[in-house]
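Below: one structure, written as structure tokens.
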Amino acid sequence: AVRYEDYSDFGTNTSWKLSARYDFTDAFAIRGAASTGFRAPSLQQQYFTSTSILYIDNIPYETGTYPATSPVARALGAEPLKAETSDNYALGVGIRRGAFEPTVAGYKIDVTDRIVLSETLTGNPTAAPGTNARVIYDLLSPLGATAARFFINGVDTETVGGDVVARYRIVDEQ
């Protein structure tokens, strides 16, 4: 299957899925699937702004969370968010022995450009001029904040797992 998506505020994507199952006998089958995925940044990840107090080493910081495209986040090194993409794989077997039907399956999911919050960047009014801590303080103090963070495409993840399911039919199907 092929899926085409057109986001009015984020662009387009084409993803695909291929799956198959083969019954070697009435008692044994194998199945597999491969696919790609796409997740556009949410509205909150693209446009959310808030200020709250975060404690870092028991010191309170008025921390602003800014959109990656805001002037503040851009000045701190943020780039516009990209979509998360994924590659997904699964393989499994099933056995039928009378009323007993166990299945075993494994999967792997690779996500690229997962969206997460950046580290909290803190400012310091007593830092030497030109240092990162002083530049951050000078940038944020007019906004009533002493620290900042923003959403970034910061992590690639790999998830590998499996499952075992066993079913026993008590009532014979007629």
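The values are calculated or read from the model by the stated rules, or taken from the named source; none is laboratory data. This is a predicted model, so every value here is computed, not measured. Don't worry about glycine lacking a Cβ; one is built from the backbone with ideal geometry, like all the others, and counts go over all protein chains shown. Protein only, heavy atoms only, side chains kept; ligands, DNA and RNA dropped before computing areas. Shrake-Rupley method; radii C 1.70, N 1.55, O 1.52, S 1.80 Å.
Can you give me the accessible area per residue for the chain, using a 1.4 Å probe, in Å²?
Heavy-atom accessible area per residue stands at 65 Å².
Any number yet on Rg/Rh for the stretch 111-174, C-alpha, Kirkwood?
Details: Rg = 25.3 Å, Rh = 16.2 Å.
Across the stretch 111-174, the Cα-based Rg/Rh ratio is 1.56.
Which distance in nm do the two modelled labels at Tyr107 and Asp26 give, with both placed 7 Å along the Cα-to-Cβ direction?
3.1 nm
Any idea how far apart Thr131 and Ile59 come out in nm if each label point goes 7 Å out from Cα toward Cβ?
1.0 nm
So if R0 is 35 Å, what FRET efficiency would Val171 and Lys17 give, r being the distance between their Cβ atoms, rounded to the nearest 0.05? Walk me through the intermediate numbers first.
On the way: r = 34 Å, r/R0 = 0.98.
It comes to 0.55.
Run the simple label-point estimate for Leu117 and Thr36 please: 7 Å along Cα→C-beta, distance reported in nm.
3.2 nm
At a 1.4 Å probe radius, carbon and sulfur cover how many percent of the accessible area of the chain? List each step's numbers first, then the result.
Numbers: 6220 of 11230 Å².
Roughly 55 percent of what the probe reaches on the chain is carbon or sulfur.
Given that compact globular proteins tend to follow 2.2 N^0.38 Å, what is the ratio of the alpha-carbon Rg of the chain to that value?
Numbers: Rg = 24.8 Å, N = 174, 2.2 N^0.38 = 15.6 Å.
Scaled against compact globular proteins, the figure is 1.59.
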